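These notes concern the structure reproduced below.
The values are calculated or read from the model by the stated rules, or taken from the named source; none is laboratory data. Everything numeric here is computed off the predicted structure, so don't read it as measured data. A quick note on method: Cβ atoms are made from the backbone with ideal geometry, for glycine too, and the neighbour counts reach across all protein chains shown.
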Amino acid sequence: MARAFLVVMDSAGIGGAPDADAFFNDGKPDTGANTLGHIAQACAAGRAEEGRSGPLQVPHLERLGLGAALRLASDAEVPGFGAVPDGAWGAATEQSNGKDTPSGHWELAGVPVPWDWMTFPKTDPAFDEDLIVDICLAAGTGGTLGNVHASGTQVIVDHGERHVKTGWPICYTSVDSVLQIAAHEDPEIFGLERLLALCKAIAPQLHAQKLGRVIARPFTWSVDGGFERTANRKDFAIAPPAPTLCDWVKDAGGAVHAVGKIGDIFSMRGITDVCKGRDAELMVHLGRLVDEAEDGALTFANFVEFDSEYGHRRDVSGYARHLEWFDAALGDLIARLRPGDLLVVTADHGNDPTWIGTDHTRERVPVLVHGLGSGEIGHMGFTDVAAGVAAHLGIQGKGKAFL
């Protein structure tokens, strides 16, 4: 039997979304945003030289068809991306009314979002008094900190010291449908288990209002690094509105191995087991599953640091370094795949580090396929990715398969 590996480079968009003018960053429409295209252009122009140098070096992604997918999606001229692909390649367009993690992943798994997400207003405070009261009651504290739209790394710098003194959780949001709560992992200050319990307790009432996620954001402090987030993040996500690719595979008797935050995104529906950690650890787990995953299994992986560490922080050099690291690891994985395996490398939305603001950007995403021969797949919907993976595994799905 066949196996499938669906790998999401979180936020690695390729521009060209036809409705980008309806999505905004700091009041500017996302029209023209192009995460991978602009990174490659910046590298070629010598504007991404921190920790790396020169043109973007992603030969394995390029051979799968990344340059061709970029040109298909957005007509972008990308210096050095002229290789003739030996993989199958295309560009996927999202139909859900969002540029967030659940929308992108659910639709890649065959289920577009049928509602508009709840978001919090960009006011100070961002949260109404009733919600703050509920958080305080669940946390057992006399107050909260933050209560604003904010960068997740900056907000713990701004409020970390007061958090240590008061034990009050730090609450913040973004333009996405999300409430994030940060707290120190030390039980003497707040504690990881207490933070997870708080987020779990507050999530159901927000899910009922169609808020996509409540995210626990634990952090620590050190003399060398100051306040830093840890890898123990947990997303308490609203459940998908219908069975997804994960359910289709599991119902057909196959295993579904979740790498990274996939289990959280799908509320563990259809998931067999989960591996978590930072991206470098996740790549080790993915490599182990390439070697060990069963026939008929789906391995579904998300590499979040493209988005969380570099996209939101508008760090072009860092994003480029991470792409080059990922590409080198991808080459090793491809060499270890078995005959009959299908590997699909894609993304869930954009997060152009050259763009204004700090939020996601509305873009098409690449669909790069190993195990399907070579050639253009063309334009498709996100749901067609799920249909193609399902068809490869010989199970019934929804959508138009790219096979």
Q: Return the residue satisfying two criteria in turn: it lies in the range 53-111 and is of a type in the set (S, T, N, Q) and over 18 Å from the mean Cα position of the chain (by Cα), and of such residues it is surrounded by the most Cβ atoms within 10 Å (Cβ to Cβ).
A: Ser74
Q.
What's the number of the only condition in (1) under 14 Å from Leu36 (Cα atoms); (2) part of a helix (DSSP H, G or I); (3) out of contact with any Leu (no Cβ under 7 Å at 6 or more places or on another chain) that Glu363 fails to meet?
A. (2)
**Q.** Index of the failed condition, Asp10 passing every other in (1) out of contact with any helix residue (DSSP H, G or I) (no Cβ under 7 Å at 6 or more places or on another chain); (2) crowded, with 17+ Cβ neighbours inside 10 Å; (3) of a type in the set (D, E, K, R); (4) under 19 Å from Thr358 (Cα atoms)
**A.** (1)
Q.
Just to verify a result, which residue in the range 112-135, among those that are over 22 Å from the mean Cα position of the chain (by Cα) and crowded, with 17+ Cβ neighbours inside 10 Å, is farthest from Ser174 (Cα to Cα)?
A. Ile135
Q: Please tell me if Glu309 is free of Cβ contacts under 8 Å to residues at least 24 places away in the same chain, not aliphatic (A, V, I, L, M) and not in a loop (DSSP other than H, G, I, E, B).
A: yes
(Q) Anything in the range 290-310 that is over 10 Å from the mean Cα position of the chain (by Cα) and polar (S, T, N, Q)? List them, or say none. (A) Thr299
Q: Those residues that are touching a residue at least 40 places away in the same chain (Cβ under 8 Å) and more than 12 Å from Pro169 (Cβ to Cβ), I need them from the range 202-216; list them, please.
A: Gln205, Leu206, Gln209, Lys210, Leu211, Gly212, Arg213
Q: Say whether the condition of being under 20 Å from the mean Cα position of the chain (by Cα), over 24 Å from Glu185 (Cα atoms) and not in a helix (DSSP H, G or I) is met by at least one residue in the range 273-289.
A: yes
Q: Identify, by number, the condition in (1) touching an Asp or Glu at 6+ places or on another chain (Cβ under 8 Å); (2) without any contact (Cβ under 8 Å) to a residue 60 or more places away in the chain that Gly388 doesn't meet.
A: (1)
Q.
For the range 86-102, check the following and say yes or no: at least one residue is assigned to a helix (DSSP H, G or I), farther than 30 Å from Ile189 by Cβ, touching a residue at least 12 places away in the same chain (Cβ under 8 Å) and touching a Gly at 6+ places or on another chain (Cβ under 8 Å).
A. yes
Q. In the list Gly296, Gly378, which residue meets the criterion of being assigned to a loop (DSSP other than H, G, I, E, B), touching a residue at least 24 places away in the same chain (Cβ under 8 Å) and more than 19 Å from Asp30 (Cβ to Cβ)?
A. Gly296
Q.
Being modelled with pLDDT of 95 or more, in a strand (DSSP E or B) and out of contact with any Asp or Glu (no Cβ under 7 Å at 6 or more places or on another chain) is the requirement here; does Leu6 meet it?
A. yes
Q | Filtered residues of the range 132-191 (kept if among the acidic types (Asp, Glu), in contact with a helix residue (DSSP H, G or I) (Cβ under 8 Å, 6 or more places away or on another chain) and over 15 Å from Leu211 (Cβ atoms)) | A | Glu185
Q) Which of (1) assigned to a loop (DSSP other than H, G, I, E, B); (2) farther than 30 Å from Gly397 by Cβ; (3) at pLDDT 95 or above is the odd one out, the single condition His159 does not satisfy? A) (1)
Q.
Just to be sure I understand, how many residues within the range 314-340 are touching a residue at least 40 places away in the same chain (Cβ under 8 Å), more than 16 Å from Glu49 (Cα to Cα) and out of contact with any Phe, Trp or Tyr (no Cβ under 7 Å at 6 or more places or on another chain)?
A. 12
Q. Restricting to the range 281-293, what's the tally of residues that are surrounded by fewer than 17 Cβ atoms within 10 Å (Cβ to Cβ) and in contact (Cβ under 8 Å) with a residue 24 or more places away in the chain?
A. 3
Q: Out of Ile181, Ile215, report the one residue that is of a type in the set (Val, Ile, Thr), part of a strand (DSSP E or B), in contact with a strand residue (DSSP E or B) (Cβ under 8 Å, 6 or more places away or on another chain) and within 22 Å of Val113 (Cα to Cα).
A: Ile215
(Q) If I go through the range 47-69 residue by residue, how many of them are at negative phi and in contact (Cβ under 8 Å) with a residue 60 or more places away in the chain? (A) 15
Q: Name every residue in the range 172-199 that is modelled with pLDDT of 95 or more, within 21 Å of the chain's Cα centre (by Cα) and surrounded by fewer than 22 Cβ atoms within 10 Å (Cβ to Cβ), in order of residue number.
A: Leu196
Q.
Just to check your reading of the model, which residue among His379, His370, His360, His349 is within 24 Å of Ala76 (Cβ to Cβ) and surrounded by fewer than 19 Cβ atoms within 10 Å (Cβ to Cβ)?
A. His379
Q. From the list Gly98, Gly110, Gly104, which residue is under 30 Å from Val7 (Cβ atoms), modelled with pLDDT under 95 and either touching a Cys at 6+ places or on another chain (Cβ under 6 Å) or among the small types (Gly, Ala, Ser) (or both)?
A. Gly98
